[in-house]
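Okay, so here's the structure we're looking at.
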Amino acid sequence: MPAPRPLAEIRHLLDELLEVEFSFRDTAAPAAAIAELPGPRQAQLISWIQRVASTHVELGYQVACQGVEAQALMEPDTFEAWIFHSMDRYDAEGLRPALLAIEQYRQFAEQQQARRRGALLLDHEGVLSRFLQGLSGRPLKLASADRIYTDSETLYLPPLFSLLPSPAQNFQHYKATCALLWAQIQFGSFRPLLEIPSPEPDLLQLYHALEMLRLEARLKRTLPGLYRELEQTRLILQEPDLPAPWQALSVKLSAPDMRARDTLELARQQLGRLTPYPPRHLPVTLDLEAVRICMAARIEKERARFKVALNSVLEELQRNSPAEQPQQRRFSKRQQPDTDAPEGFTTEILLDDMPAPLPDQVQALQRSILLDLGEIPDEYLQPAGPGEYDATLLQDQNRDADDVWRGSYHEEGAHLYDEWDFQRRHYRKQWCAVREREVTPRHDDFVARTLEKYHGLIKHLRKTFEAMRHENRLLKRQPQGDDVDIDALVEALSDAHLGFEMTDRLLTRMQRDERDIAVIFMVDMSGSTKGWINDAERESLLLLCEALESLGDRYAIYGFSGMTRKRCELFHIKYFEEPYGELVRARISGIEPQDYTRMGFAIRHLSKILQATDAKTRILITLSDGKPDDYDSYRGQYGIEDTRRALIEARRSGIHPYCITIDEEARDYLPHLYGPAAYSVVDDVRTLPLKVSDIYRRLTT
Amino acid sequence: MRTFKLDEYRIDDEPYYQPTGDEIELFEAAYRNQLPVLLKGPTGCGKTRFMEYMAWRLKRPLITVSCHDDLTASDLVGRYLIKGGETSWIDGPLTQAVKAGGICYLDEIVEARKDTMVVIHPLADDRRVLPIEKLGTLIEADPEFAIAISYNPGYQSVLKDLKQSTRQRFIALEFDYPDATLETEIVVRESGLERELAGRLVKFAGMTRNLKGSGLEEGASTRLLVHAAKLMAAGVNPVSACQGAIAQALTDDPEMLASVNELSSSLF
């Protein structure tokens, strides 16, 4: 147990950590407070200050000032979470929000209390969004906000639900709230409103209150299980019963044939006579403006896409039976009564009076249009070619990767991966925002130089690699096979005549040694590779590609680098399906050192890609210069344990990971990561190009 | 190796099959004209049942071969065996069907090796012959012989897609899940479950089909619904029946399982 340090020593330490000499920071008060603490807590706090100050000195200073009180208020893990939360704010939004987060430690502590019994949107986003996808057939996004509402594409929900006593109950509450928002979209709540240019707020409010009653009745019919949970929640929250006049209206609104239009009519009748009852707990609100904007954009987009899609259906049919005249074919629709459908009928698209063969994505489009409009307008049934619409309507806009990183929407379009936290012994959910980026191809003399330099070696490599290609071989004297091995049979018969036992190895079998291998090379592009390591890596890749071309194995190359969990990048150098040529060579030449060596995300992402390829053997080869390391907490044991976990996951999914490294200390940690037989340490960087091909050859034969 | 007796492959009792369109007429017309047929559609939507029904209707034996990675041409055509010091040739299922005028149904054809698929080419065009290289003979197909293959375009990977030279010999019938009313009817009929619950099961299937491509490879098939319905008819709680018979069959991903289970618990 560390002994408490004296005040002077603490002050001196803080002065140094917080660079007081060059600032107006005053360490007297924090040092005095820290000096009062018992030894272990002192040590703990000072180490935190040190870690935070390594990110930003001012943040470290604030932690020094608030730390003692915060520590008294929080459990150690909450304290840690508070620091991480502040650091995350710093990563995402900058210094000021981070300082605010440190200042608001009391609120944080309270929130943590709520978190313990509550449910976090972040934790349940995956389950909830798939739940919604299952319900609706139109992908709905989830986002956190202060209010509960939807713009018809995204459901906005508070980041934390904690009104109920247990996490499971709070999750159910989330789910029921999602279902209510979904019901607004599904059962056409917005449709009649959009026809009124500017509805007065009172009417809107009354309509919304009434509409919720209709929707609940709908939920009760379509999702009785969920409705039971909703009622349970109300019971626990002790929601008051509906006031008497509302109860009568509720009965009316529960009729199966009630539509949103009828609710609006009812609201008009009751306007002035009825005021909406006080809002219930966590009420769903109505943001008509948000819906209006979002819907208008989508309707325009989907109209274009639908008409273009119908056109391509016609073209497809034309291709299959060229005899028919496409001009004479006509789309129409058929509506059939269906009480379960929001508008009381279902719509089917017909082609020449027969159900049209619409591909999946067109059907999804049709569902989405039906959700917005309740029907497919006749105008939509006139097919149109892609040239007749603004091309931007036909595709989703891809944002530039650099813009994405700069803005606050850094997770947009990113792949999110979990990361293993060995101290907490669980995954940090969707922790790493991973993006694939392009390497700028560099057309310089690197390729020519390298090919020249290793001229003789390449020839040799090609030869050895060619030797690895197997042809089909006829195996003789097999116990099982397709054909009789006549030689063996003759021998066996003569054996039998002589009274020996007859062998059963009498058949031939064709052995097909197809090399069914897919390999991904995962190349370290961290800053530490700058210089000759980077050169050696690039040379190795080039030689390897040259050799692999003669072998015919499927391979892909990606570089990886990380700068905190928010910015995990995989640089695409060669896809599986891409041919090796000028462009790939130029990309290899263009490999440049980037930031840090975060490894877990790269292994996870590339494992996913490997798994999606069809091969009997899948290999992931890492080319690295050091141990996992990133500037947030991804150092030391944390990084090693996460990488190890990612490798375990990869192995579990049938991938063989292998590591080639030039880190001389690698023997200390690589066996722990890759297992004793799945790594090679190359002592001399200069020999890397030679070794890589050699190792590859050994690995795949 | 067991010797096939073709009569074992005759279907005497009418299999239950609900047509969804004009597939029966199409198949019959194709059969009468000696045209081979390709059945496309998601797993468990009734392709195999349709074949059984057609075999019953046409009064032909049905030989089904489930294709897989290691299925060789010999597995289909036949091979030499050695018995008591003598070699003897034994016909494979395809040869038997060709000789006896049966229907040979190659299920999930894309799973078979590419060189195996080529064996059926001369049978699938107007030649209608099966060359047996090892015997040096050419067998002409019985007039009643038919060949049908199936595959699932959504599920198989692009790499394993059917070769153009194969697919362009076939009349293609597209199968999909039946519409909700019909599917409910099928579930009721096959399981004896009451209509209300069967209807909800079908709704649940629709929800899982919404998840296709967003984490699920396939939605729940009619076959899975029948399994769940049978459990429910036997008194199993509907939510547990859906978990056991459908959710667990669809995915191993814990998060996906949770989502699918939340859907079923919301419905029942």
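Using a 1.4 Å probe over protein heavy atoms, the accessible area lost on pairing B with A, summed over both chains, comes to approximately 2800 Å².
Here the Karplus curve 6.51 cos²θ - 1.76 cosθ + 1.60, taken at θ = phi - 60°, turns the phi angles of the stretch A:667-683 into couplings of 5, 6, 10, 4, x, 5, 7, 9, x, x, 9, 10, 8, 9, 9, 9, 6 Hz, with x standing for Gly and Pro.
Partner lysines whose Cα lies under 19 Å from the Cα of A:Lys691, excluding those fewer than 8 positions away in the same chain, are identified as A:Lys453, A:Lys459, A:Lys463. Ordering A:Thr346, A:Thr233 by accessible surface, largest first, gives A:Thr346, A:Thr233; the 1.4 Å probe counts only protein heavy atoms, with every chain in place. For the protein assembly as shown, the solvent-accessible area with a 1.4 angstrom probe is 47 square angstrom per residue. Within chain B, DSSP assigns beta bridges of which about 35% are antiparallel (rounded to the nearest 5). Ordered from highest to lowest accessible area with the whole protein assembly present and a 1.4 Å probe, A:Tyr558, A:Tyr679 read as A:Tyr679, A:Tyr558.
Backbone geometry of the stretch A:430-436 corresponds, through the Karplus equation with coefficients 6.51, -1.76 and 1.60 at θ = phi - 60°, to 3J(HN,Hα) couplings of 6, 7, 9, 8, 10, 10, 8 Hz, x marking Gly and Pro.
Within 10 Å of the Cβ of each residue in A:133-144, the mean number of Cβ atoms contributed by other protein chains is 4.
From the alpha carbon centroid of the stretch A:589-635 to that of the stretch A:1-69 is 37 Å. Taken residue by residue and averaged, Cβ atoms of other chains lying within 10 Å of the Cβ of A:530-541 number 0. Computed on protein heavy atoms with a 1.4 Å probe, the accessible areas place B:His227, A:His124 in the order B:His227, A:His124, largest first.
Under a 5 Å amide H cut-off, with hydrogens placed 1.01 Å from N, A:Leu474 pairs with A:Gln511 among residues at least 5 apart or on other chains.
Across peptide A:474-483, the mean count of Cβ atoms from other chains lying within 10 Å of each residue's own Cβ comes to 2.
Based on the Cβ-Cβ distance of A:Arg292 and A:Leu583, what FRET efficiency does E = 1/(1 + (r/R0)^6) give at R0 = 41 Å, to the nearest 0.05? Step by step, r from the Cβ atoms, then E = 0.35. Dividing the mean sequence gap of close Cα pairs (under 8 Å, 6+ apart) by how many residues the stretch B:1-159 holds gives a relative contact order of 28 percent. The fraction of accessible area contributed by carbon and sulfur in chain A is 50 percent, rounded to a whole number (1.4 Å probe; ligands and nucleic acids excluded). Bridgeable lysines around B:Lys203 (alpha carbons under 18 Å apart, same-chain partners fewer than 8 residues away excluded): A:Lys220, B:Lys212, B:Lys230. Any idea what % of Cα-Cα pairs in chain A are farther than 51 Å? The proportion of pairs with Cα distances above 51 Å equals 34 percent. Each 5 Å bin from 0 upward holds the following percent of the Cα-Cα pairs of the stretch A:7-116: 2, 13, 25, 24, 20, 11, 4, 1, 0. Taking θ as phi - 60° and the Karplus parameters 6.51, -1.76 and 1.60, the scalar couplings of the stretch B:105-119 work out to 10, 9, 7, 6, 4, 5, 6, 6, 5, 4, 5, 6, 4, 4, 4 Hz in sequence order, x denoting glycine and proline. The alpha-carbon of B:Lys114 sits under 21 angstrom from the alpha-carbons of these lysines, leaving out residues fewer than 8 places away in its chain: A:Lys616, B:Lys40, B:Lys134, B:Lys160, B:Lys163.
Counting only DSSP beta bridges with both residues in the protein assembly as shown, the antiparallel share comes to about 45 percent.
When peptides B:127-134, A:442-449, A:561-568 are ranked by their average number of other Cβ atoms within 10 Å per residue, the highest-first order is A:561-568, B:127-134, A:442-449. For B:Thr72, the accessible surface of its heavy atoms amounts to roughly 30 Å² (probe 1.4 Å, protein chains only, rounded to the nearest 10). For the stretch B:180-266, which whole percent of the accessible surface, found with a 1.4 angstrom probe, sits on carbon and sulfur atoms? So the carbon and sulfur contribution to the accessible surface is 50 percent. Cα extents for the stretch A:207-246 along the principal axes, largest to smallest and rounded to whole angstrom: 27, 23, 15.
Overall size of chain B from C-alpha positions, given as principal axis extents largest first: 64, 41, 35 Å.
The values are calculated or read from the model by the stated rules, or taken from the named source; none is laboratory data. Predicted, not measured: the structure shown is a model, and the values here were computed from it. Note: ideal-geometry Cβ built from the backbone for every residue, glycine included; neighbour counts use all protein chains shown. Heads up: the accessible areas ignore ligands, DNA and RNA and are worked out on the full protein's heavy atoms, side chains in. Shrake-Rupley method; radii C 1.70, N 1.55, O 1.52, S 1.80 Å.
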